[in-house]
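Notes to accompany the following structure.
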Amino acid sequence: MKKELSFADLHVHSYYSDGTHSPAQILALAEEKGIGTLAIADHDVFNGSLELMKLSENSRVKCIPAVEITCDDFGRQIHVLAYHPDFTDDGFCAFVSDGRRKLDGMSISLIEKMKAAGYSVSVEDFNAFNCERGGGGWKALHYFKSIGLTNELKDGFSLYPKFGCGYETAGFPSVFEAVSKIHSAGGTAVIAHPGVSVKTNDCSEFIAELEKLVGYGADGIECFYSEHTAEITALCERFCDEHGLLKTCGSDFHGSFLTRQLGTPCKKTEELRLDGII
């Protein structure tokens with residue numbers, strides 16, 4: 001008897017961005033965990049999603065094409081999940097590629113500033129450095145560890161704000177622009193993990209921020225998220241119900257690079273509101 005695949009996870013990262021698992025490994029793990037609706041939404045790159053779509057042609061798992069867009073909201077990092085955008089749309093491809101260049105450019109700027117400050121690093125050495133896919137994180141974290149500047153990959157996180165190379169200075173697009181580009185490519189735009197992006201413990205302020213973000217034209221909210229508290233989840237659910245918005249679920253799985261587990265939180269596809277995504 002085949003295992004029932006009733007659960008959904010619409011926010012997963014492969015080794016094409018900063019995860020440790022290949023799309024094939026993710027698909028196999030999803031089947032093991034009873035996940036029947038799956039999306040690889042890598043950071044500003046299509047490769048993982050495109051590969052998953054090909055692999056899943058003979059799978060019982062329903063795979064949704066997706067990408068996660070890095071955005072700036074007046075100095076605050078916001079992620080927007082795009083579902084079913086046309087990956088052949090020239091304008092959208094250029095938009096996503098530009099975002100990826102900015103994301104990778106943060107590391108180049110960091111290395112340049114570190115060199116100017118006297119560190120034994122260089123862009124030339126960094127470009128020549130070979131980083132094997134599947135290690136998790138991104139190339140610069142591996143580079144810093146390889147030359148002994150850090151002991152663990154995650155130690156490299158702190159270098160970016162230390163040298164003023166955070167997301168707020170990279171020139172990422174606004175949420176409004178990202179949502180508009182997603183819609184132009186025929187996709188559905190969902191605000192990712194607002195309980196993480198919105199830094200407030202005040203419920204009224206949180207709701208006001210949801211109204212602001214959705215006001216940019218988003219179609220839904222990632223209500224069910226691995227790091228959302230029960231209170232935040234309830235607020236997001238109620239907000240979506242009141243405004244007729246989509247409700248999605250995502251683990252933000254990165255393999256062994258982070259502790260989040262595929263399929264967590266456990267939500268059945270039928271418990272979500274995925275009109276236009278499925």
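The values are calculated or read from the model by the stated rules, or taken from the named source; none is laboratory data. Because the structure is a prediction, the values reported are computed rather than measured. Cβ atoms come from the backbone with ideal geometry, glycine included; neighbour counts cover every protein chain shown. Each accessible area value is taken on the protein alone, full model and side chains, heavy atoms only, with ligands, DNA and RNA left out. Shrake-Rupley method; radii C 1.70, N 1.55, O 1.52, S 1.80 Å.
Since Ala116 meets every condition but one in (1) surrounded by 19 or more Cβ atoms within 10 Å (Cβ to Cβ); (2) hydrophobic (A, V, I, L, M, F, W, C); (3) without any contact (Cβ under 8 Å) to a residue 24 or more places away in the chain, which condition does it not meet?
Only one criterion is unmet by Ala116, namely (1).
Quick check on my filter: what residues within region 234-255 are touching a strand residue (DSSP E or B) at 6+ places or on another chain (Cβ under 8 Å) and under 30 Å from Arg133 (Cβ atoms)?
Hits for region 234-255 are Thr248, Cys249, Gly250, Ser251, Asp252, Phe253.
Every residue in region 48-94 that is among the polar types (S, T, N, Q) and closer than 28 Å to Leu5 by Cβ, please.
Residues satisfying the conditions are Ser49, Ser56, Asn58, Ser59.
Can you spot a residue in region 90-99 that is open to solvent by 70 Å² or more (accessible area, probe 1.4 Å) and in a loop (DSSP other than H, G, I, E, B)? Full working, then the answer.
Of the residues in region 90-99, the ones open to solvent by 70 Å² or more (accessible area, probe 1.4 Å) are 90.
This time we only want the ones that are in a loop (DSSP other than H, G, I, E, B), so: none.
No; the residues of region 90-99 include none that is open to solvent by 70 Å² or more (accessible area, probe 1.4 Å) and in a loop (DSSP other than H, G, I, E, B).
Please pick out the residue among Ser49, Ser17 that is modelled with pLDDT of 95 or more, within 23 Å of Ser174 (Cα to Cα) and either out of contact with any Lys or Arg (no Cβ under 8 Å at 6 or more places or on another chain) or of a type in the set (D, E, K, R) (or both).
Values: Ser49 fails: within 23 Å of Ser174 (Cα to Cα).
Checking each option against the conditions leaves just Ser17.
Any chance region 226-241 includes a residue that's without any contact (Cβ under 8 Å) to a residue 60 or more places away in the chain and under 19 Å from Ile182 (Cβ atoms)?
yes
Tell me the residue from Val67, Val45 that is touching a residue at least 40 places away in the same chain (Cβ under 8 Å), in contact with a Phe, Trp or Tyr (Cβ under 7 Å, 6 or more places away or on another chain), closer than 28 Å to Ala178 by Cα and of a type in the set (Val, Ile, Thr), please.
Val45
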